Amino acid sequence: MPTLPLWAVWVIKAAVIYGALLGVAALMSLAERKVSAWIQYRIGPNRVGPFGLLQPLADGVKFIFKEELIPDGANPFLFRIAPALAALPAMLAIAVIPFAGEVELFGQRTNLSVTDLPISSLYVLAVGGLGIYGIILGGWSSNSKYSLLGGLRAAAQMVSYELSLILSILAVVALSGSLDLRVIADAQQAPDVLWNVARQPLAFLLFVVCMFAETNRHPFDFAESEPELVGGFHTEYSSMRFALFFLGEYCAMTVMSCLATVLFLGGGAIPFWPEAPWWAALACFLAKMSAFLFLYLWVRWTLPRFRFDQLMNLGWKVMLPLALLNLFATAALIALEVY
Amino acid sequence: MVIVKRRELSLAEKLYLPEIGRALSLSLRAMFRKRVTRQYPEEPLPTNEVTRGQPRLVVKDDGNIACVSCGMCEVACPAYAITIDGGETDRAIEREPVRFDIDMLRCILCGFCEEACPKDAIFMSNELELADFSRQALVYDIEKLKRPRSALQKRIDYVYRLNDRWRKPSSTR
Amino acid sequence: MTKILLNGQTVEADPKKPLIAACHEHGASVPHYCYHPGLKAVGSCRICQVEVKQGEMPPRIVVACRTPVAEGMIVNTEAGKAHDARRECLEFLLKNHPLDCPICDKAGECDLQDYAFAENQGEGRTVEPRRKLEKRKSLGDVIVLDEERCILCSRCVRFMEEVPKTPQLAVVGLGSRSTIATFMDRPLKGNYQGNLADVCPVGALTLKKFRFQARVWNLRKSLSTCAECSRGCSITVEVLRGKDVKRFRPRYNDKVNKWWMCDRGRFALERHVDVATGTTAGARIAGALVRGQGAQGLEPVESELGVAIAADMLVAHEARTVIASPFLTQEEAEVLLRVARALGTTPVFVSPAGDGLADALLHTGDPCPNRRGLTELGFGAASAADCAARLAASQVALVVGERAGELLAAELAALGASQRVALFDARALDAVAVKLQVGVPTHVEKSGTWINVDGHAGRLTIARAAPAGTRALTHSLQQLDTLLAAAAAGSATTAPAGGAR
């Protein structure tokens, strides 16, 4: 293996990770249709490529060649930039996910993540929270009542659930004493330490629920909610910009799955095999991530959508008190040195 | 007016989570059930003698069609899909169609022609596929409608059985 | 008049006619095969049985066609016993009748079908094979006989004896082998054979020319008048799918033709078969045809423009003549008369020589269906030679009406290129003198009136549409009249097309 300068290794790492992210997002569009088909006793797309694997490619080609429409009275600048604003934050957030520990690549020792930040969990939440701007702006700039309502709902929902999300993460952070995701992941890899899912089951539960709400996925997809709002915030979008919204959604789902893996399932940790090589850890990480992604799809095709007041009730009257309680309990347990 | 009293939810139901678990297990099990999708062009529709496909003209074993162009199907046809012109023939039946067109675009596959036919000359085949590049090509003439009796035998037997059900037992033949 | 009680109603009946005639006249439907109002009643088929009570006698079943009407008769056509008797009679008639309705041309207008249906006689009890006789026996050029279908009502035999009075048919053989036949199997002769197919209540006698041509329920029937002689028999024109004229059939008209018509009129279908429009001689004219300057070809133009050109032609020259076709209706002739007056001429109509088919029954031998009407309007009759002289003497001629070009084909062809003829005819004609031709509908495509030789009016109705672009002749002539009047008033002769409407 030739030795490359450090910057080149970083570029390669970034290219591979972003390529993989886009690949996963593309595959998710296929997986979504496949899983829905299986749950409904159908077969799903199977015409393009083996098992329909090239379907995302065909869809992409189709999206690119579709005519793009901008409605009368829309704000053209915001209308054009909104999909990018929706997709970009999710892609940025993936930068700090620690996929595996230190590896030797092209003669350089490096961590298998795009970058490492000491406050990476804060970074993920901060950047991930920006994604909502794309949706709000897309909804507002479309000059359509459906889009506007979809955007507003997305904003309200984000505010309600971001709190619980952060509080549930905070419990985990308190437990490991660091905001660095790598530290949080590594802390769970010790042989005598349980994964956070076992030590913080309530936080895990809250996180998973908020994860669905944060990515506007069923049963909390009020920003789209086809039966009421036609298509919600993306009603007026077409062509590749429409696809970009979905790309952003799938990227956000991937990031959230990675985050859940790191925070609660110990990242790449394999039980009873502490000295597993880095590729095995990576594979384990991806498997855990895939399980969360599958959960997204599985839930979507199983549960009906909430009503909006139920969503708000749940967010403010159940999730938030529980998250606060959990945080205080965790703090108390740490203070009492139970953990 | 009916007042519907809703059932009080149990604690487990109020908690959502057990119910969600139940739903998830249901949909997970559904994933391993037998698929109902039919891969259409490769797996064509199953047809049997009850299938009412496009009408076809019976070619008898002597090579002639059984039709005598009596026009019963033309009259019975609710979609005006059938056009018949008669002509004279030296065969014993005296009369045969010189033109027998069915506009398959008009045909609604109702089977009235089959029922109306006094000569057992037209039967509903199991052929259902219909596609072409021009409308004119879908106006089928005699040559396109001809099918050997053997190809329609199952349907013919079925229609006979069906008719026998309604036949009065006192009938002499 | 005799009073009888028919189905509970007191009605007046003609004592000279049989009971069945009174029943039919007063709306009681009594089936009948051998009985025909135009023929002597023989009472051979026995289908017309009704219940009659006379005096103190108990009611009994009698055949209505052979029972004279008597004062105080109580008739019940719907009695159960009468129906039973008819059903029994039908069962015998159907015993040997081949069930080949799908093939039979009579199906749909067959009395045997209708009455079997009406009397609910749907099933027979015999298991023996039906008799086998000749299915396709030619009786001359017109009629083909199916011996199996015949129910031996003898209407055809009586028709030949009584109407054209040329007895040629007879019932021969005994019992179930009885058939209709001609002596020594000679072909039928005469001009009235076609009526045999009409009088035959079943499909035994059918027309060779109509054989398997159409199912009768697909024919749209329009009332009309026969064009083949000045008798003007009342007919129905029967058209298949709005296009093909398939049959002319006589229609009962007591004053003119009773129930009959001659074969010449019945089979005058050929000229209605080909309706293809075009510019070649013999094709139907869609709008109008103009002969180009010097060029031989005919150029199609709109009908309105054609009439305007005709007006210009007629105004531009002094020596004019107007010749009408004998097929002009009264309505058309009246407008033409105005046009002729405006042109300062007296119109004549072509009167071709007789066709030599005249007989004592219907055919007059005069091929002009509206001779009397045109004469009464002031048209003079002109032979072909007369017409030729008139055409030769004129600079410009207006020849109007269906078949005018056909009747004067030789005379028009003889004219030189310096002469001008405006021809209003259904079919195109290629003659140098005919500068302009305007299409007109034929007599099955227009409505109007003809006056027959005895002064009876015969109506024409539109049985099928004329070729697209062809206007009614009255419309064209009205336009011509308006244009001529405008020219006479000194204004522009080329009025805008269609202004005449």
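The values are calculated or read from the model by the stated rules, or taken from the named source; none is laboratory data. All values reported here derive from a predicted model rather than from experimental measurement. As a convention, Cβ positions derive from the backbone with ideal geometry for all residues, glycine included, and neighbour counts pool all protein chains shown. Heavy atoms of the whole protein, side chains included, go into the accessibility calculation; ligands, DNA and RNA do not. Shrake-Rupley method; radii C 1.70, N 1.55, O 1.52, S 1.80 Å.
Using a cutoff of 8 angstrom between alpha carbon atoms and counting only pairs six or more residues apart, the relative contact order for the range B:73-122 works out to 38 percent. Ordered from largest to smallest accessible area (heavy atoms of protein chains, 1.4 Å probe), the residues C:V127, C:V322 come out as C:V127, C:V322.
Hey, what's the range C:1-129 come to in accessible area per residue, 1.4 Å probe, Å²?
Averaged over the residues of the range C:1-129, the accessible area is 51 Å².
With θ taken as phi - 60° and the Karplus curve 6.51 cos²θ - 1.76 cosθ + 1.60 applied, the whole-hertz 3J(HN,Hα) list for the range B:53-64 is x, 6, x, 9, 8, 6, 9, 6, 5, 7, x, 9 Hz, x standing for glycine and proline.
What whole-number value in Å² describes the accessible area per residue of chain A for a 1.4 Å probe?
Each residue of chain A exposes 45 Å² on average to a 1.4 Å probe.
Rounded to the nearest 10 degrees, the inclination of helix C:330-343 to the longest alpha-carbon principal axis of chain C is 10 degrees.
Divide the volume of the convex hull around the Cα atoms of the protein assembly as shown by the residue count and you get 344 Å³ per residue. Calculate the FRET efficiency for B:E143 and C:R125 from the Cβ-Cβ distance with a Förster distance of 45 Å, rounded to the nearest 0.05. According to the calculation, E is roughly 0.55.
Here the contact order of chain C, divided by its residue count and restricted to Cα pairs under 8 Å and six or more residues apart, works out to 12 percent.
Straight Cα distances below 19 angstrom link C:K209 to the lysines C:K106, C:K135, C:K137, C:K189, C:K221, C:K243, C:K246, with same-chain residues fewer than 8 positions distant left out. Relative contact order of the range C:131-212, taken over Cα pairs closer than 8 Å and 6 or more residues apart, is 36 percent.
Here the ratio of the Cα radius of gyration of the range B:60-173 to 2.2 N^0.38 Å is 1.13.
From the square roots a ≥ b ≥ c of the eigenvalues of the alpha-carbon gyration tensor of the range A:109-169, which class results: rounded (a/c under 1.5), prolate (a/b over b/c), or oblate? Since a/c reaches 1.5 but b/c is at least a/b, the shape of the range A:109-169 is classed as oblate. Summing Lys, Arg as +1 and Asp, Glu as -1, what charge do residues with Cβ under 12 Å from the Cβ of A:H234 carry, A:H234 excluded? Its environment carries a net charge of -4.
Computed across the range C:1-129, the Kirkwood radius stands at 15.5 Å (inverse of mean 1/r, all Cα pairs). Each of A:L286, A:H218, A:L163 was placed along the dipole of chain A (beta-carbon charges, centred on the mean Cα), and the one lying farthest toward the positive end is A:H218. Of the listed residues C:E128, A:E224, the order by accessible area with a 1.4 Å probe, largest first, is C:E128, A:E224.
Just the accessible area for B:M72, please: 1.4 Å probe, Å², rounded to the nearest 10? In the full protein context, B:M72 sits at about 70 Å². When the Cα positions of A:F79, C:L139, C:T182 are compared along the charge dipole of the protein assembly as shown, C:T182 comes out farthest toward the positive end, with charges on each C-beta of Lys, Arg, Asp and Glu. Residues C:R341, B:R95, C:R320, ordered by accessible area of protein heavy atoms at a 1.4 angstrom probe radius and largest first, appear as C:R341, C:R320, B:R95. Within 12 Å, Cβ to Cβ, of A:Y146, how many net charges do the neighbouring residues add up to if Lys/Arg are +1 and Asp/Glu are -1? It works out to a net charge of -2.
Under a Cβ-only charge scheme (Lys and Arg +1, Asp and Glu -1), can you give me the dipole magnitude of the range C:131-212 about the Cα centre, in debye to the nearest 20?
200
Translational diffusion coefficient of the range C:153-212 (Stokes-Einstein, Kirkwood radius from Cα pairs, 4 °C, 1.567 mPa s): 107 µm²/s.
Cross-link reach is defined here as a Cα-Cα straight distance under 24 Å, omitting same-chain residues fewer than 8 places apart; for B:K144 the lysines meeting it are B:K60, B:K119, B:K154. Basic side chains Lys and Arg get +1 at the Cβ, acidic Asp and Glu get -1 at the Cβ, and with that the dipole of the range C:197-260 about its Cα centre reaches some 200 debye. Accessible area per residue was computed with a 1.4 Å probe on protein heavy atoms; C:S383 scores about 50 Å².
The Cα-based radius of gyration and maximum Cα-Cα distance (Dmax) for chain A are 20.5, 63 Å. The simple spin-label model puts a point 7 Å past each Cα toward its Cβ; for B:T89 and A:A58 those points are separated by 4.8 nm. Hydrodynamic estimate: the Kirkwood radius of chain C over Cα pairs, inserted into Stokes-Einstein at 25 °C and 0.890 mPa s, corresponds to D of 96 µm²/s. Please identify the GluC sites (Glu not before Pro) of the range B:109-149 that satisfy two criteria: DSSP loop assignment and at most 10 other Cβ atoms within 10 Å. Which are they? Answer by residue number: B:E129. The convex hull defined by the C-alpha atoms of the range C:217-325 has an orientation-averaged projected area of 10.0 nm². Is the range A:1-85 rounded, prolate or oblate when judged by the Cα gyration tensor, a ≥ b ≥ c being the square roots of its eigenvalues, rounded requiring a/c under 1.5 and prolate requiring a/b larger than b/c? Note, shape of the range A:1-85 comes out oblate.
Look at the dipole of the range C:1-129 built from charges on Cβ: of C:A64, C:P15, C:P98, the Cα furthest out on the positive end belongs to C:P15.
Compute, for the protein assembly as shown, the length of the dipole vector about the Cα centre, with Cβ point charges of +1 (Lys, Arg) and -1 (Asp, Glu) only. Units Debye, rounded to 20.
For this selection, approximately 2200 debye.
Sequence-ordered 3J(HN,Hα) estimates for the range A:4-20 from the Karplus curve with 6.51, -1.76 and 1.60 and θ = phi - 60° stand at 10, x, 4, 5, 5, 5, 4, 4, 5, 4, 4, 4, 5, 5, 5, x, 5 Hz, glycine and proline given as x. Test of the criteria: in the range A:111-164, which chymotrypsin sites (Phe, Trp or Tyr not before Pro) are in a DSSP loop and have at most 14 other Cβ atoms within 10 angstrom of their Cβ? In loop regions of the range A:111-164 (DSSP not H, G, I, E or B), there are no sparsely surrounded chymotrypsin sites (Phe, Trp or Tyr not before Pro). Annotation note: GluC sites (Glu not before Pro) in the range B:1-76 located in DSSP loop regions with a Cβ neighbour count of at most 11 within 10 Å are B:E8, B:E42. Per-residue SASA remark: B:T37, around 50 Å² accessible (1.4 Å probe; ligands, DNA and RNA not included). The accessible surface of the protein assembly as shown, taken with every protein chain in place and a 1.4 Å probe, is 60 percent carbon and sulfur.
In straight-distance terms, cross-link reach from A:K317 covers every one of the lysines whose alpha-carbon lies under 30 Å from its own, apart from those fewer than eight places away in the same chain; here that gives A:K145, B:K5, B:K14.
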